[in-house]
1. For residues that are open to solvent by less than 50 Å² (accessible area, probe 1.4 Å), in contact with a strand residue (DSSP E or B) (Cβ under 7 Å, 6 or more places away or on another chain) and part of a loop (DSSP other than H, G, I, E, B), scanning just segment 11-31, find the one that is modelled with the lowest pLDDT.
2. Inside segment 127-147, can you point out the residues that are of a type in the set (A, V, I, L, M), in a strand (DSSP E or B) and more than 17 Å from the chain's Cα centre (by Cα)?
3. Residues that are more than 26 Å from THR46 (Cα to Cα), open to solvent by 20 Å² or more (accessible area, probe 1.4 Å) and part of a loop (DSSP other than H, G, I, E, B): does segment 96-116 have at least one?
4. For GLU49, only one of the following conditions fails: (1) assigned to a strand (DSSP E or B); (2) in contact with a Pro (Cβ under 8 Å, 6 or more places away or on another chain); (3) farther than 15 Å from MET111 by Cα. What is its number?
5. Of the residues that make up segment 32-43, is at least one modelled with pLDDT under 95 and either under 17 Å from GLU161 (Cα atoms) or buried (at least 17 other Cβ atoms within 10 Å of the Cβ) (or both)?
6. Checking the conditions here, which among ALA55, ALA165 is among the small types (Gly, Ala, Ser) and buried (at least 16 other Cβ atoms within 10 Å of the Cβ)?
7. If a residue must be touching a Leu at 6+ places or on another chain (Cβ under 6 Å) and of a type in the set (D, E, K, R), how many such residues does segment 8-43 contain?
8. For segment 153-175, what are the residues that are closer than 23 Å to VAL12 by Cβ, in a loop (DSSP other than H, G, I, E, B) and among the small types (Gly, Ala, Ser)?
Amino acid sequence: MSIRHLPASDYVTLPWKNGTGSTDEVCLLPEEATRDAFEVRVSRATIAEPGLFSAFAGVERTITMIEGAALSLDFGTHKAELAPLQPYTFDSGLTPLGNPTPGPVRVLNVMAARNAWKLGPARILTRSEHIETAQKEVIVLFAVRGACEIAGSSQMVRLQEGDSALLDEPAFVGLLADAAVLAVPLKRGQVRD
């Protein structure tokens, strides 16, 4: 894989699993995966009004608000208040009520099946840096704002705002102007409870 470029122009827009909205499908792994049977799923969605999230049993989800002011997730037993560019990870088998305020928000979801991958701590890159990858690790990169250039051992990829990439080798991520990039690591291997 090395660096796999996923341009926003190739995203496929589909209805939500629960039918109450739509999502841009960024990528599914492995290649033959479907939305109902995947190891990794990356998607971008607009949440325009309060509504329940779709359930994906056996899956962990890192959600990051990439546009908008605030998003509240009500799990019934507790709430999570999401601010812009602050990744939050939860059990995607749960179906929290998402409430965007004061208006619509847009989020990026990175989802991993627990029997195959473990989500690492997500972070926002706001300056250029060299990124290391461990053995059996893939890093999802998403250009939240502006553009960046990813230079690996044998190739260079330029991400425009809204583009994504999958990285499985060390690379230099050069941010241009006032860019911001979301980085979400995935480690192959079953999560142990």
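The values are calculated or read from the model by the stated rules, or taken from the named source; none is laboratory data. Since we're looking at a predicted model, the values are computed, not measured. Virtual Cβ from ideal backbone geometry, glycine too; neighbours counted across all protein chains shown. Just the protein is used for accessible areas: all its heavy atoms, side chains included, with ligands, DNA and RNA removed. Shrake-Rupley method; radii C 1.70, N 1.55, O 1.52, S 1.80 Å.
1. Checking each candidate, the answer is GLY21.
2. The answer is ILE131, and nothing else.
3. The answer is yes, given that some residue of segment 96-116 is more than 26 Å from THR46 (Cα to Cα), open to solvent by 20 Å² or more (accessible area, probe 1.4 Å) and part of a loop (DSSP other than H, G, I, E, B).
4. (1)
5. No: zero hits.
6. ALA165
7. Within segment 8-43, residues that are touching a Leu at 6+ places or on another chain (Cβ under 6 Å) and of a type in the set (D, E, K, R) number 3.
8. Answer for segment 153-175, where residues must be closer than 23 Å to VAL12 by Cβ, in a loop (DSSP other than H, G, I, E, B) and among the small types (Gly, Ala, Ser): just GLY162.
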